[in-house]
1. Got at least one residue in segment A:170-177 being in contact with a strand residue (DSSP E or B) (Cβ under 9 Å, 6 or more places away or on another chain), of a type outside the set (G, A, S), under 21 Å from A:P92 (Cα atoms) and modelled with pLDDT under 95?
2. Based on this model, can you work out whether B:M81 counts as closer than 23 Å to A:E66 by Cβ, surrounded by 20 or more Cβ atoms within 10 Å (Cβ to Cβ) and in contact (Cβ under 8 Å) with a residue 40 or more places away in the chain?
3. Say we look at segment A:47-78 and pick out the residues that are buried (at least 19 other Cβ atoms within 10 Å of the Cβ) and assigned to a strand (DSSP E or B); which of these is farthest from the other protein chains (Cβ to nearest Cβ)?
4. State which residue is farthest from B:R140 (Cα to Cα) when the search covers only segment B:205-262 and only residues that are part of a loop (DSSP other than H, G, I, E, B) and of a type in the set (S, T, N, Q).
5. For segment B:186-202, name all the residues that are assigned to a helix (DSSP H, G or I) and more than 15 Å from B:A145 (Cβ to Cβ).
6. I'd like the full set of residues that are modelled with pLDDT of 85 or more and in a loop (DSSP other than H, G, I, E, B), limited to segment A:14-28.
7. Look through A:A157, A:A208, A:A142 and report the one residue that is within 11 Å of chain B (Cβ to nearest Cβ), within 16 Å of the chain's Cα centre (by Cα), surrounded by 19 or more Cβ atoms within 10 Å (Cβ to Cβ) and not in a loop (DSSP other than H, G, I, E, B).
Amino acid sequence: MSISPQNLILGTAQAETTDFKIGVLALQGDFLEHVNVLRQLGVQAVEVRLPADIAGLAGLIIPGGESTTIGKLAIQFGLVEPLRDFIKNGRPVWGTCAGMIFLAKDIGATGSGGHVEPPRLATMNIRVNRNAFGRQVDSFEADIPLAFAPHEPPFRAVFIRAPRIEAVGEGVEILAKLSDGTPVAARQGHLLVTAFHPELTNDWRWHAYFLKMVQPNWGTKP
Amino acid sequence: MTTENNVPNSNEESGTWRVKVGLAQMLKGGVIMDVVTPEHAKIAEEAGACAVMALERVPADIRVTGGVARMSDPALIQRIMATVSIPVMAKARIGHFVEAQILQAIGVDYVDESEVLTPADERYHINKHIFKIPFVCGCRNLGEALRRIGEGAAMIRTKGEAGTGDVVEAVRHARTVLGDIRRLQSMPDEELMTFAKEIGAPYELVKETKQLGRLPVVNFAAGGIATPADAALMMQLGVDGVFVGSGIFKSGNPAKRAKAIVEAVTHFNNPTILAEISKDLGEPMVGISVSSLSEKETLASRGW
């Protein structure tokens, strides 16, 4: 049983099985990738498709996927208000890529294709531009230093038709930037967003960071 | 910001394998719909499609019209790309690497090297590794899937029989691929080389598939899906998502049916919800029973 930066980076960390449950919004997208990381870290993971699935969750991850699809399905199956309540009650929520769009208060210009404002929770004080780096041909990976672990090696981040954080409001802290200064990860209290996909890599430091938002002493038991 | 002329930092890299496979991972649990006009594309996006396939004729019409089916007019594809914010795919003929170069030049998000079009090469597929944009390819069994991945396909779809509205071949191909993988998982390692030889697949990919217990890339179902129940059937068999071609825009009420199929893929394991969303969808596409087709009329037999 050990959680060190080294075995988080290598994806070999093993922790005590948690007594709390983390939900992963499973309407569309790469929710299983998040579920797999959580389970390998000893966390009970629950797929959330209907409002009833939210009961008893300590935190929630909104995965990557197509933001218009996820937004429409969330409305159709009555998830928007229950998820807003979940956030109001102070439960930690982490959005990756499409999940970041789903949490953002404002949507700016769309980088490619027609402009659509996908339905969303609109709870986090950021403005996000969809597909802001371009189409798939412009999707990329990059090393980013981590504000919460400045002495550790950078994180290899995967950006897929990624959104860009264009502006941040009050109470929002930037956690990672590209080399040109573009912010790509941010936190506002118990809300976390990343424009990239930690669930596509074997480096589990972002998942560990989120689990500590849920329970500060997570991973510290010997 | 990461195009070749404007790389801000040398550690930023585009067109990598992880980025190619990654887009397919974002499409999982979703429906990719064939569209022939920007208006169709808008309807598909409104219905919740996770991507669209831009083409001039849906497979059902290709069957009726006959003749040589080729890559669509780039202008049509670009009009569709300008209309929707979701990813846009387009088809190139099997082996026609110049059609694929053209599709990359206009910036489509995924190329489908597709048996629905008339093959340009009866021996070789496209070398997909050398492209920056990712490819999806059809398969009927594990050997065919791993050959395509070996050539660089970053996503696989079972072929089914496009343009029929008959799900039987999609089921056959999904069961064959997934059954081959289950068989592989129970094999001792000393049998893998002979198995690789028998199915005509690269040995390293056979080993990797055994270890993962699934294909190394995302696997969708395609070819004959016409109803929400068809889509949920394929999901319960174990695929990651579905392509719907003629099934939507050859039906009585495309907008409603498209939305229902999207919902069915999310709630594929919930028969109560499936019953609700299957109601009052209007006429499905008429369809052709695959068993009435001669071998020469099938599209799935194209690809080597």
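The values are calculated or read from the model by the stated rules, or taken from the named source; none is laboratory data. On a predicted model such as this, the values are computed, not experimentally measured, just so you know. Virtual Cβ from ideal backbone geometry, glycine too; neighbours counted across all protein chains shown.
1. yes
2. So B:M81 does not fit the description; no.
3. For segment A:47-78, the residue satisfying everything is A:G59.
4. So the residue we want is B:N253.
5. Residues satisfying the conditions are B:D189, B:E190, B:E191, B:L192, B:M193, B:T194, B:K197.
6. Result: A:D19, A:F20, A:A26, A:L27, A:Q28.
7. Checking each option against the conditions leaves just A:A157.
To keep it simple, each residue is scored yes or no on (1) hydrophobic (A, V, I, L, M, F, W, C); (2) part of a strand (DSSP E or B); (3) away from every other protein chain (no Cβ under 14 Å).
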site	(1), (2), (3)
A:E81	no, no, yes
A:I87	yes, no, yes
A:G113	no, no, no
A:A122	yes, no, yes
A:P153	no, no, no
